[in-house]
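J.: This is the structure, below, for whatever I ask next.
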Amino acid sequence: MLSIKDLKASIEDGTQILKGINLEVKAGEVHAIMGPNGSGKSTLSKVIAGHPAYHVDGGSVTLDGKDLLQMEINERANSGLFISTQYPTEIPGVNNVEFLKMALNSKRAFLGLPEIGEAEFKKLIDEKMELLEMDERYRDRGVNEGYSGGEKKRNEILQMAILDPKVSLLDETDSGLDIDALRIVAGGINHIMGPDKAVILVTHYQRLLDYIKPDFVHVLRHGKIILSGGPELALELEEKGYDWIEEK
Amino acid sequence: MDAISRIKQIGMPRRNNELWTFFPVAKIPMPEFPETCNDTADYSDEEDFAALLPIAFNARTMRQDIADGANEMAMLKCNNDFGHTVLDIGKNATASLEILDNKVAHKICAERFDIHVGENATVHIFFANPADGVPLRFRHFRIVQEAGSKVYFSEIERGSGIKRTSLDAFLKGNGARLEIRSLNVLQDSDSVHHRITIRHEAPETESVQFARNLLNGKSNASYNGSVVVGANCSKVFSSQLVNTILLSEDSSVSVKPVLKIYHDDVECTHGNTCGELDAEQLFYLTSRGIPVEKARELLTQAFAKELFMPMPDSPAKERLEQVVSKL
Ligand SMILES: Nc1ncnc2c1ncn2[C@@H]1O[C@H](COP(=O)(O)OP(=O)(O)O)[C@@H](O)[C@H]1O
Ligand SMILES: [Mg+2]
C-alpha cells in the first residue's frame, strides 16, 4: 500500500535529515516508529506529506503504486494520505466544522463525487464527534484555536475519521492526552482502521501500543531505520532505551 | 481665516509635512480655487489640506441632527466632487451611519465630516463599498466626543485609485471611547493612506486603532497614527495595531505610530506586524486536501474577518462581515 524506498531529504541549509528510509506498509497493518528525539521521525511524515521546508534528495514514496512525491500536497491527501503532525497548527478565523466540510468536499471533488449534502454531513460529523466523545465547543471555534494539546490531538483524529484515509501517519498523537483521552482517541483510531487501511504511529510510549497493537515496530535513528521487529520490540525499547541497538 | 486663505498659507502637501509622510503628494493636482469662500468660519487652526479642500471649494453643507435618545440609521452620500457633512448626535442617541461613495466625482473627490457626539451616545460610522474609480479621494473626519460616548469607525477599502482617510478625534468627555477598524484589500496600483490623530482630553478615555492590510500587486498602504494624551488625563487606554499580509513581492506598507503622552497613569500600546500568509497554516489546510488557491482564500478571509469580530452586534458589523465574506 505505502512503499517508501531509500528516501533521503534535507532542510534548507543542506543538512540531510532523512538518510535513506525504507518501509513497506501493507493494507491492514499497524506500524509503530520509535526512536530518540531528533532522529527524523517528524521529518519523515512531513516529507511524505510534501511540507515545503524539506527537499527530497532521492528515493520514492508510492501509495497504491502512485508516486506521492510528484503530487501537490492536496493531491496526496485526496489520494488517501493523512498525516497528523506533532504540533497541529492553529488557524484562528477558520471555523473547524466549515474546514472539515471543505476538506471532505475537496476529496469528493477529486474523486469525481458531488458535494456532500447538508444532512448527510451533519450526520457524519455528529457520529464521529460522538465516537471521539468531543463536546460541542469544537464546532464553533477556529481550527485548533486555543485548544489544549490534548484537544488538538483529538481534533486530528476527528479529521481522520471524516476523511477516511487509506494510510495515516500519526506523529505523537498520544502526547498531551490524559488516560481517559488516550483510551478514547485510541478507540477512535481502531474504529477507523480496517483491513483495507494502514496506520503508522510515531510514539515514545508503550501505553499507546497497549491500545493499538502494532504488527511491526521500527527504530529510527540518525535518519535511518536501524532495527525492525514485532510488537515485543517496543517493550524491549521501553525497558532498555535505544543505546544498546547501535552497540549490536 | 477662511479655508482658501489657510490653504495658501500652509501650502500644498509635501512629504516633509508629518501629516503627509507616506502620501504620493505629486499626484495632487494644483487646485484652482473659486473667487470667494462662502464658509466664513475661521480655519486658522486646521493643519490638514484635505480637511480644508471641500470648504475651499464651497462644498454644499449637509446638516443632520439626531435628537437626544433617538435611534437612527442613515446613509450619507455626497453628490458632487466636494462634500461637507455636519452631524450633531444628541445625548444617549444611537446612530448607524453608512457613507456611500460619490458616483459622480471626476479627477478628485474630497469630503469632510464634522461629527459631534453627545454624552453617552453610541455611533457607528462605516463604509464598505468599493470606491468608484475616482483617481484621488480624500475623506476627512473631525469627531468630537462627549463623556461616555462610544464611536465605532469602521471601513473596508477596496478599488482603484489613491485614497486618503484623515481623522482628528477629540475625546473630550470622561470615559469617551473610539474604536477604529480599517481593512484595506488592495491590488494593482491601489494606494490607501490613513492619517489618524486621537486626542485624549479627559480621564478614562479609550481609543483602539486596528488596521489590517491585504496587499497584492503593486499596491501600497500607509498608516500614520498619533495618539496624544493630555496632562490631566489619568487612566487613559489606547492601542494601535497594524497587521499586514503582503500577497505579492511588489506590494508595500508603511506604518508610523506617534505617541505624545503627558501623563503617567496611562496604558498605551502599539504594534505592527508584516508578513506573508502563514506557511504552516497553508500546509495544514492543503495537507487536508484543500487546493492551495482555496486555502489562500480561506486564510485571507479569516485574517479580514478577525478584524471586525470584536465589534458589538450592529447593522454596521453585519454589513462589514457581509462584505468580508465576499472578498
Ligand atoms: N524545518 C527544519 N528546520 C531545521 N531543522 C530541522 C527542521 N526539521 C527538522 N529539523 C532537524 O532535524 C532533526 C530531526 O528532527 P525531527 O524529525 O523533528 O525529529 P524527531 O521527530 O525524531 O524528534 C532535528 O535535529 C531537527 O532539529
Ligand atoms: Mg518529532
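The values are calculated or read from the model by the stated rules, or taken from the named source; none is laboratory data. Fair warning: this is a prediction, and the values are worked out from it, not measured in the lab. No Cβ is skipped: glycine too gets one built from the backbone with ideal geometry, and neighbour counts run over all protein chains shown.
J.: On the given criteria, is residue B:280 of a type outside the set (Gly, Ala, Ser), surrounded by fewer than 19 Cβ atoms within 10 Å (Cβ to Cβ), under 24 Å from residue A:142 (Cβ atoms) and without any contact (Cβ under 8 Å) to a residue 24 or more places away in the chain?
T.: yes
J.: Pull out all pairs, ordered by first then second residue, where Cβ-Cβ is under 9 Å, the residues are six or more apart or on different chains, the first lies in region B:239-261 and is over 17 Å from residue B:182 (Cβ atoms), and the second is outside any strand (DSSP E or B) and among the β-branched types (Val, Ile, Thr).
T.: Pairs that qualify, where the first residue is over 17 Å from residue B:182 (Cβ atoms) and the partner is outside any strand (DSSP E or B) and among the β-branched types (Val, Ile, Thr), are B:247/B:300.
J.: Report whether or not residue A:59 is closer than 23 Å to residue A:14 by Cα and part of a strand (DSSP E or B).
T.: Spelling it out, residue A:59 is indeed closer than 23 Å to residue A:14 by Cα and part of a strand (DSSP E or B).
J.: Any idea how many residues of region A:24-41 are part of a loop (DSSP other than H, G, I, E, B) and more than 9 Å from ligand 1 (Cβ to nearest atom)?
T.: Of the residues in that region, 4 qualify.
J.: Could you check region A:34-91 and list, in sequence order, the residues that are small (Gly, Ala, Ser) and within 14 Å of another protein chain (Cβ to nearest Cβ)?
T.: If the condition is that a residue be small (Gly, Ala, Ser) and within 14 Å of another protein chain (Cβ to nearest Cβ), then A:42, A:45, A:49, A:50, A:53, A:77, A:79, A:80, A:84 are the ones that fit.
J.: Further, regarding this structure: Take residue A:41 and tell me if it is more than 16 Å from ligand 2 (Cβ to nearest atom) and of a type outside the set (Ser, Thr, Tyr).
T.: no
J.: Could I ask something else about it? Given the structure, is residue B:261 surrounded by fewer than 18 Cβ atoms within 10 Å (Cβ to Cβ), β-branched (Val, Ile, Thr) and closer than 29 Å to residue B:120 by Cβ?
T.: For residue B:261, the condition - surrounded by fewer than 18 Cβ atoms within 10 Å (Cβ to Cβ), β-branched (Val, Ile, Thr) and closer than 29 Å to residue B:120 by Cβ - is met.
J.: Okay, next question. So which of B:92, B:38 ends up being at pLDDT 95 or above and over 23 Å from the mean Cα position of the chain (by Cα)?
T.: From the options B:92, B:38, the qualifying one is B:92.
J.: Also, I was wondering about something else. Only one of these is surrounded by 21 or more Cβ atoms within 10 Å (Cβ to Cβ) and of a type outside the set (Lys, Arg): B:208, B:151. Name it.
T.: From the options B:208, B:151, the qualifying one is B:151.
J.: Just one of B:133, B:83, B:118, B:159 is surrounded by 22 or more Cβ atoms within 10 Å (Cβ to Cβ) and closer than 25 Å to residue B:49 by Cβ; which is it?
T.: Among B:133, B:83, B:118, B:159, only B:83 is surrounded by 22 or more Cβ atoms within 10 Å (Cβ to Cβ) and closer than 25 Å to residue B:49 by Cβ.
J.: A further question follows. In region A:94-115, how many are more than 9 Å from every other protein chain (Cβ to nearest Cβ) and under 13 Å from residue B:284 (Cβ atoms)?
T.: 1
J.: I would also like to ask the following. Just checking, which of A:174, A:164, A:178 is in contact with a Gly (Cβ under 9 Å, 6 or more places away or on another chain), free of Cβ contacts under 8 Å to residues at least 40 places away in the same chain, closer than 28 Å to residue A:61 by Cβ and away from chain B (no Cβ under 11 Å)?
T.: A:164
J.: Okay, next question. In contact with a strand residue (DSSP E or B) (Cβ under 9 Å, 6 or more places away or on another chain), part of a helix (DSSP H, G or I) and either of a type outside the set (Ser, Thr, Tyr) or within 14 Å of ligand 1 (Cβ to nearest atom) (or both): which single residue out of A:128, A:46 fits that description?
T.: A:46
J.: Are there any pairs with C-beta distances below 8 angstrom linking a residue in region A:5-23 that is at positive phi and assigned to a strand (DSSP E or B) to a residue that is within 16 Å of ligand 2 (Cβ to nearest atom) and of a type in the set (A, V, I, L, M, F, W, C), with the two at least 6 apart or on different chains, and if so which?
T.: Final answer for the pair search is A:6/A:21.
J.: Let me ask another. Based on this model, can you work out whether residue A:145 counts as modelled with pLDDT of 95 or more and more than 9 Å from chain B (Cβ to nearest Cβ)?
T.: So residue A:145 fails the test.
J.: Please find, within region A:192-218, the residue that is farthest from ligand 2 (Cβ to nearest atom) out of those that are in a helix (DSSP H, G or I) and closer than 19 Å to residue A:25 by Cα.
T.: Among residues in region A:192-218 that are in a helix (DSSP H, G or I) and closer than 19 Å to residue A:25 by Cα, the one farthest from ligand 2 (Cβ to nearest atom) is A:192.
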